[in-house]
Amino acid sequence: MVSPILPLMLEDVELLRGGRRILGPITLTVGGAGITVVMGPNGAGKTSLLRAMHGLERVSRGWVLWQGEAEDVRARQAFVFQTPVLMRRSVIDCIAYPLILDGRPRREARKAAEKQAEAVGLGVTLSAPASVLSGGERQKMALARALVRSPEVLFLDEPCANLDLHSTAEIERILIAARDDGTRIVMSTHNIGQARRLADDILFLFDGRLIEAGANAAFFAGPGTPEARAHINGDLLP
Amino acid sequence: MNDIVEGLWQAARLVVTLDSDLAEITLRSLQVTVTATAIASAIGLPLGAWIAVNRFRLRRAVIIMLNALMGLPPVVVGLIVYVILSRSGPLGVFGLLFTPTAMIVAQTIIITPIIASISHQAIRELWADYHDLLISLHATRRQRIATLLWDGRRALMTAALAGFGRAIGEVGAIMIVGGNIDHATRVLTTAIALETGKGDFGLALALGFVLIALAIAVNLALHMLSGTERGSRW
Amino acid sequence: MMFKTALAAFSALWLATAAGAEELKMAVTTSFANSGLAEVLLPEIQADTGIEVQLLVVGTGQALKLGEAGDVDAVLVHAKAAEEAFVAAGNATHRREIMYNDFIIVGPSADAAGAGGAGSASEAFAKIAGTQAPFVSRGDDSGTHKAELAIWKSAGVEPAGDWYRAVGQGMGAALNTAAGMDAYIFADRASWLNFANKAGLALVFEGDPALFNQYAYLPVNPEKHAHVKGDAAKALEEWLVSEKAKGLIEGYQINGQQLFHFNAEAM
């Protein structure tokens with residue numbers, strides 16, 4: 001299935017903050033299917049790029065172009081933040097919240113949320129307040145909340161940054177299942193192994209600039225830039 | 001010291017014997033202040049949330065005004081409401097002066113800025129937490145405010161209780177606009193002022209203790225109903 | 001469920017306070033309200049005429065102001081000159097004298113100034129001024145305050161200085177202040193007899209006819225304010241000058257002392 005809001009095109013996008021350039025200029029296209037992984041060292045602009053794509057950051061120059069009506073576009077995407085936003089509600093109501101916003105009846109929304117919680121393997125008491133969840137459970141809750149609207153595009157910012165191996169494996173399983181269902185995924189990660197396992201293609205950022213882009217196998221087989229080579233080798237850059 | 005002991009003793013006696021005058025003025029105190037708190041909350045809570053969520057040109061000025069109005073002198077509010085509601089004032093035709101309605105109006109004016117200001121503080125913190133999520137989920141402006149009000153309800157209850165506390169103990173404004181008429185507009189605070197004026201400190205203190213007990217009872221009741229202090233719930 | 005019950009009880013309370021007999025608002029002075037006579041008269045008035053009289057207890061100045069604005073239906077005060085001006089301005093249809101009581105001079109029981117031995121109220125004031133003994137004045141432009149000033153005038157004293165404390169409050173608050181400072185004070189007899197916090201104070205001077213205090217009833221002019229309850233005000237006036245009222249007023253005592261003397265004349 002081809003998402004009607006895709007392809008996403010960035011044209012000469014630049015993000016300035018306090019006069020400092022933190023991103024760009026970047027021109028790229030995200031289309032088709034699969035998982036795109038954004039890589040790069042700290043401060044390279046990974047989070048800013050994802051946020052600019054999703055419309056959380058207003059770009060200083062250039063264009064972020066989705067297909068279709070602007071009103072509609074963001075509701076058909078979802079974003080999982082590095083630190084999950086916990087609402088002061090029960091787990092089930094946190095997950096059902098996007099559907100409530102869509103005007104779905106509470107019972108129906110809760111039912112869908114329950115299903116989604118099961119799908120991501122969130123085996124906790126759903127009526128408990130979200131604050132009692134552990135780190136891994138919080139991330140799964142955030143994923144369930146992101147997926148409950150069946151978004152066409154899913155952004156994730158370092159979804160496994162603070163998780164152990166077991167939780168990381170579970171999250172990766174959920175992401176692969178979502179991709180196989182046709183969800184276009186764009187995520188950032190520091191975990192090179194994770195990038196290797198999940199990515200269909202890679203965007204490599206350095207100092208706010210997109211310096212390499214390519215398919216998984218090609219990127220890891222022979223990175224074209226010294227920065228990317230150093231990054232995947234785990235070298236400490238000067 | 002004697003006066004305080006006698007006041008406590010008299011308060012206990014009035015409560016135990018269910019003194020009908022005491023019951024009447026206590027219920028009227030509650031009636032006026034609960035109504036005023038409800039109206040002020042209906043205005044102040046959404047207003048506080050709205051200011052927290054929206055960026056507009058006079059935002060800073062509005063916040064400063066609200067904070068300043070928290071210290072609004074009740075006597076001045078009373079005087080202004082009096083002049084407006086007087087038969088010779090602009091709203092005189094309604095004949096509201098010296099009625100419980102006039103007292104509700106005055107108290108509402110006094111506590112709306114308090115409730116709005118405290119709820120603004122609380123909602124602003126919550127908004128910082130929720131901002132990215134709500135924008136990402138494409139919540140409408142109205143949905144954002146509704147969500148913040150609902151999820152911030154514990155803090156907002158505190159705001160409403162602060163307003164209630166200020167109103168239930170207020171005497172300056174309601175004395176002026178209510179007139180402290182026996183069996184019509186006399187409430188606990190104006191009765192205390194009256195008894196103090198008569199030099200009957202024992203009775204005045206007794207009423208004072210009833211007032212304090214009432215404030216505590218209302219707070220306790222609300223907290224128990226909403227289960228604030230239970231376990232890990234919000 | 002519980003909330004619903006509470007709500008029902010609450011709305012019942014609302015309705016209960018809204019319903020009732022015909023209400024008439026009357027502005028009276030603090031000294032009258034503090035006398036306790038109202039508590040005897042009001043239930044009888046309601047029983048006989050069906051009128052529920054709601055008292056607004058204020059100073060004379062504000063009482064007349066309330067009548068002028070039409071915020072009350074009648075006024076019962078004691079400041080003859082101001083009352084006559086009030087009628088002349090068309091704010092009331094007429095002025096009807098009902099009764100009088102008297103003012104007294106209260107002071108420390110030791111009476112260092114010797115005011116108790118004076119032959120007249122003005123002589124007593126002169127003695128207090130002469131020793132500069134502390135004196136608390138209402139200072140609120142009330143009827144009592146005006147009567148006090150009139151006596152200072154007749155004593156030929158301009159009250160000023162450290163010893164003269166104008167508190168700007170009601171009779172009760174002023175008495176509290178005097179009790180706290182062990183000072184002399186000019187008070188109405190009713191407020192004094194009903195005052196509970198006497199501390200070291202005692203009645204030091206009374207009886208001078210200059211201290212008599214005439215109360216008059218002023219029905220607010222319905223021609224000026226159409227909403228004023230003219231008929232009820234008239235019924236109340238008739239009750240106040242009746243034989244029954246006379247009996248109740250003259251029979252009212254505090255600590256065995258008669259406070260008010262009925263002197264209404266038939267019209």
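The values are calculated or read from the model by the stated rules, or taken from the named source; none is laboratory data. Keep in mind that what you see is a predicted model, and the values were worked out from it rather than measured. All Cβ positions, even for glycine, are placed from backbone atoms using ideal geometry, and neighbour counts span all protein chains on display.
Among residues of segment C:175-189 being more than 14 Å from the chain's Cα centre (by Cα) and within 14 Å of another protein chain (Cβ to nearest Cβ), the one that is surrounded by the fewest Cβ atoms within 10 Å (Cβ to Cβ) is C:G180. Out of all the residues in segment A:1-21, which are among the β-branched types (V, I, T), surrounded by 14 or more Cβ atoms within 10 Å (Cβ to Cβ) and either at pLDDT below 90 or within 15 Å of A:M187 (Cα to Cα) (or both)? Within segment A:1-21, A:I5 is the sole residue that qualifies. The single condition among (1) surrounded by fewer than 21 Cβ atoms within 10 Å (Cβ to Cβ); (2) away from every other protein chain (no Cβ under 14 Å); (3) under 30 Å from A:A142 (Cα atoms) that B:A52 does not meet is (1). Selection of segment B:188-222 for residues being closer than 19 Å to B:I114 by Cβ and either of a type in the set (S, T, N, Q) or surrounded by 24 or more Cβ atoms within 10 Å (Cβ to Cβ) (or both) yields B:T189, B:N219. Just the residues that are more than 24 Å from the chain's Cα centre (by Cα), assigned to a loop (DSSP other than H, G, I, E, B), more than 10 Å from every other protein chain (Cβ to nearest Cβ) and without any contact (Cβ under 8 Å) to a residue 24 or more places away in the chain, please, taken from segment A:82-131. Listed by number, the residues that qualify are A:R104, A:P105. Within the set C:A63, C:A47, the sole residue that is within 12 Å of chain B (Cβ to nearest Cβ) and in a helix (DSSP H, G or I) turns out to be C:A63. Being farther than 17 Å from C:M26 by Cα, in contact (Cβ under 8 Å) with a residue 12 or more places away in the chain and under 17 Å from the mean Cα position of the chain (by Cα) is a description that does not apply to C:R95. Residues of segment B:170-185 that are out of contact with any Phe, Trp or Tyr (no Cβ under 8 Å at 6 or more places or on another chain) and either within 14 Å of chain C (Cβ to nearest Cβ) or more than 18 Å from B:T99 (Cα to Cα) (or both): B:V171, B:G172, B:I174, B:M175, B:N180, B:D182, B:H183. Scanning segment A:164-180 for residues that are small (G, A, S), at pLDDT 90 or above and more than 15 Å from the chain's Cα centre (by Cα) yields a count of 1. Within segment C:191-226, if we keep just the residues that are within 14 Å of chain B (Cβ to nearest Cβ) and outside any loop (DSSP other than H, G, I, E, B), the residue that is nearest to C:E97 (Cα to Cα) turns out to be C:V220.
On the basis of being within 15 Å of the chain's Cα centre (by Cα), buried (at least 16 other Cβ atoms within 10 Å of the Cβ), part of a loop (DSSP other than H, G, I, E, B) and in contact (Cβ under 8 Å) with a residue 12 or more places away in the chain, does B:L45 make the cut? Against the criterion (within 15 Å of the chain's Cα centre (by Cα), buried (at least 16 other Cβ atoms within 10 Å of the Cβ), part of a loop (DSSP other than H, G, I, E, B) and in contact (Cβ under 8 Å) with a residue 12 or more places away in the chain), B:L45 does not qualify. Just one of the listed residues (C:A85, C:A89) is farther than 17 Å from C:M26 by Cα, out of contact with any strand residue (DSSP E or B) (no Cβ under 7 Å at 6 or more places or on another chain) and within 14 Å of chain B (Cβ to nearest Cβ), namely C:A89. Looking for something at pLDDT 90 or above, out of contact with any helix residue (DSSP H, G or I) (no Cβ under 8 Å at 6 or more places or on another chain) and surrounded by 15 or more Cβ atoms within 10 Å (Cβ to Cβ) - is there at least one such residue anywhere in segment C:111-123? Among the residues of segment C:111-123, at least one is at pLDDT 90 or above, out of contact with any helix residue (DSSP H, G or I) (no Cβ under 8 Å at 6 or more places or on another chain) and surrounded by 15 or more Cβ atoms within 10 Å (Cβ to Cβ), which makes the answer yes. Within segment A:52-72, being at the interface with chain B (Cβ under 9 Å from one of its Cβ atoms) and crowded, with 20+ Cβ neighbours inside 10 Å holds for one residue alone: A:H54.
Among residues of segment A:201-214 that are at positive phi and touching a residue at least 60 places away in the same chain (Cβ under 8 Å), those with a beta-carbon under 8 Å from a residue that is in a strand (DSSP E or B) and surrounded by fewer than 23 Cβ atoms within 10 Å (Cβ to Cβ) at least six positions away or on a different chain give the pairs A:G208/A:R21; A:G208/A:I22.
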